[in-house]
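Working notes, beginning with the structure itself.
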Amino acid sequence: MRLTSFILLLLLLLLSTACAPGPNIMKETPGARGSVAGFWQGLWQGFVAPFVFLISLFISEVNIYEVHNNGAWYNFGYLFGLMCFFGGGNRARRRGVSPSKAIQDRSSN
């Protein structure tokens, strides 16, 4: 049983490392327009990514991620833009105290 568990864990680890992304060899190199995407472009592209993804299903020249970027700042902006589009942590806030309950608590004080 232990050997089977170990082999399954090893296979799962091997499969997960096979899916890991490789290095971006285009990082810090200018694109066709001669610029490198930074935080602000990453923020914008993250915000419009769901729409661009739908377009990219029909037009093969459209990409949802700029490979000619400056690295971590672009990635941070991209993820932040996606979070803003999908609501970020707003859903977690709703699980707590409801707004009507908060208003009742304030009015009773």
For region 84-91, indicate whether the set of residues that are at pLDDT 90 or above and either part of a helix (DSSP H, G or I) or in contact with a Gly (Cβ under 6 Å, 6 or more places away or on another chain) (or both) is non-empty. no
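Can you find a residue in region 31-45 that is surrounded by 11 or more Cβ atoms within 10 Å (Cβ to Cβ) and among the charged types (D, E, K, R)?
Here is the first cut: in region 31-45, the residues surrounded by 11 or more Cβ atoms within 10 Å (Cβ to Cβ) are 31, 35-45.
Remaining after also requiring among the charged types (D, E, K, R): none.
No, every residue in region 31-45 fails to be surrounded by 11 or more Cβ atoms within 10 Å (Cβ to Cβ) and among the charged types (D, E, K, R).
Restricting to region 61-70, count the residues that are surrounded by 15 or more Cβ atoms within 10 Å (Cβ to Cβ) and in a loop (DSSP other than H, G, I, E, B).
5
Working carefully through the options PHE58, PHE51, find the one that is at pLDDT 75 or above and either surrounded by 10 or more Cβ atoms within 10 Å (Cβ to Cβ) or touching a Phe, Trp or Tyr at 6+ places or on another chain (Cβ under 7 Å) (or both).
Numbers: PHE58 fails: either surrounded by 10 or more Cβ atoms within 10 Å (Cβ to Cβ) or touching a Phe, Trp or Tyr at 6+ places or on another chain (Cβ under 7 Å) (or both).
The match here is PHE51.
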Filtering region 4-30 down to residues that are modelled with pLDDT under 85 and loosely packed, with under 10 Cβ neighbours inside 10 Å yields LEU14, LEU15, SER16, THR17, ALA18, CYS19, ALA20, PRO21, GLY22, PRO23, ILE25
Tell me the residue from PHE76, PHE51, PHE47 that is under 14 Å from the mean Cα position of the chain (by Cα), of a type outside the set (Lys, Arg), farther than 17 Å from LYS27 by Cα and part of a helix (DSSP H, G or I), please. PHE47
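The values are calculated or read from the model by the stated rules, or taken from the named source; none is laboratory data. Fair warning: this is a prediction, and the values are worked out from it, not measured in the lab. Note: ideal-geometry Cβ built from the backbone for every residue, glycine included; neighbour counts use all protein chains shown.
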